[in-house]
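So the structure is just underneath, and the comments pick up after that.
The values are calculated or read from the model by the stated rules, or taken from the named source; none is laboratory data. From a predicted model like this one, the values you see are computed outputs, not experimental measurements. Positions of Cβ are backbone-derived with ideal geometry, glycine not excepted, and every protein chain shown enters the neighbour counts. Accessible surface is based on the protein model in full, side chains and every heavy atom, while ligands, DNA and RNA are left aside. Shrake-Rupley method; radii C 1.70, N 1.55, O 1.52, S 1.80 Å.
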Amino acid sequence: MNRSMIFWMIFVSASITFLLRALPFVVFRNGKTMPQKLIYLGKILPSAIMAVLIVYCLKNVFTNFSDFGLSQIVASLVVVGTYKWKHNTLLSILLGTICNMILVTI
């Protein structure tokens, strides 16, 4: 693949992402109200997506406990504890990632 092709792939991906993010603001401008189904999805989907990500990240904890399982459990507890303590998502993810990387290299 040459540089031109890579540039166009990135450009198209970025343009589609931007348009999808801007679409709700265009559709519901000028005080239009959102349908109740969209309001419901906006409330329920973030929690559901986080639950799916947690299950996906911890799916191999008990089958691969000796290699990475313990470090993943400890890092997850660090994320939960840090978030409960500071209520800062970025800080809790950062500390959990650092904790996991340290425990994996030990």
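Residues in the stretch 28-51 that are surrounded by 10 or more Cβ atoms within 10 Å (Cβ to Cβ) and among the β-branched types (V, I, T): I39, I44, I49.
Please tell me if F18 is of a type outside the set (K, R), over 27 Å from I106 (Cα atoms) and open to solvent by 80 Å² or more (accessible area, probe 1.4 Å). Break it down stepwise before answering.
Numbers: of a type outside the set (K, R): yes; over 27 Å from I106 (Cα atoms): yes; open to solvent by 80 Å² or more (accessible area, probe 1.4 Å): yes.
When the stated conditions are applied, F18 passes them.
Is it true that some residue in the stretch 53-65 is under 22 Å from the mean Cα position of the chain (by Cα), open to solvent by 90 Å² or more (accessible area, probe 1.4 Å) and of a type in the set (A, V, I, L, M)? For the stretch 53-65, residues under 22 Å from the mean Cα position of the chain (by Cα), open to solvent by 90 Å² or more (accessible area, probe 1.4 Å) and of a type in the set (A, V, I, L, M): present. Here the condition is being outside any helix (DSSP H, G or I), out of contact with any strand residue (DSSP E or B) (no Cβ under 9 Å at 6 or more places or on another chain) and of a type in the set (S, T, N, Q); of T82, T17, T63, it holds for T63 alone. Of the set (1) open to solvent by 70 Å² or more (accessible area, probe 1.4 Å); (2) assigned to a helix (DSSP H, G or I); (3) in contact with a Phe, Trp or Tyr (Cβ under 8 Å, 6 or more places away or on another chain), all apply to S92 but (1).
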